[in-house]
Amino acid sequence: MDSIDEVHVSEPGLVVLDITARDEETAAAVMSRLDELWATSGIGPVRRVAGEPGVRARLYADIRRPGSPSPA
């Protein structure tokens, strides 16, 4: 993954979350749930790293702001 830019954590309440999951569907479900809780960068790309188990994704969030309501 790319290095974390200082702007992404420049204030209290800003976080960068690196997600590792068994498969793409699980990673997307986690990102979707976090998007309901907080303002996030949304469901981003999921990557496989050769020779390492599972998939990886990165999510940027502002935990000071509420997220998007889940679709009914």
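The values are calculated or read from the model by the stated rules, or taken from the named source; none is laboratory data. Everything quoted here is computed from the prediction, not taken from an experiment. Here Cβ is always computed from backbone atoms with ideal geometry, including for glycine, and neighbour counts include all displayed protein chains. In case anyone asks, the SASA skips ligands and DNA or RNA and just uses the protein heavy atoms, side chains included. Shrake-Rupley method; radii C 1.70, N 1.55, O 1.52, S 1.80 Å.
Quick check, is Ser68 open to solvent by less than 60 Å² (accessible area, probe 1.4 Å) and either touching an Asp or Glu at 6+ places or on another chain (Cβ under 8 Å) or modelled with pLDDT under 95 (or both)? Walk me through how you get there before you give the answer.
Details: open to solvent by less than 60 Å² (accessible area, probe 1.4 Å): yes; either touching an Asp or Glu at 6+ places or on another chain (Cβ under 8 Å) or modelled with pLDDT under 95 (or both): yes.
The answer is yes for Ser68.
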Find the residue count for the range 53-65, including only residues that are within 22 Å of Val9 (Cβ to Cβ) and either open to solvent by less than 30 Å² (accessible area, probe 1.4 Å) or outside any strand (DSSP E or B) (or both). 4
Test: residue in the range 25-37 that is among the hydroxyl-bearing types (Ser, Thr, Tyr) and either in contact with a helix residue (DSSP H, G or I) (Cβ under 9 Å, 6 or more places away or on another chain) or in a strand (DSSP E or B) (or both): no
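Residue-wise test of (1) free of Cβ contacts under 8 Å to residues at least 60 places away in the same chain; (2) within 18 Å of Pro69 (Cβ to Cβ); (3) surrounded by 12 or more Cβ atoms within 10 Å (Cβ to Cβ).
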site: His8; (1), (2), (3): yes, no, yes
site: Pro12; (1), (2), (3): yes, no, no
site: Val16; (1), (2), (3): yes, no, yes
site: Ala21; (1), (2), (3): yes, no, yes
site: Ala29; (1), (2), (3): yes, yes, yes
site: Asp35; (1), (2), (3): yes, yes, yes
site: Ala39; (1), (2), (3): yes, yes, yes
site: Gly42; (1), (2), (3): yes, yes, yes
site: Gly51; (1), (2), (3): yes, no, no
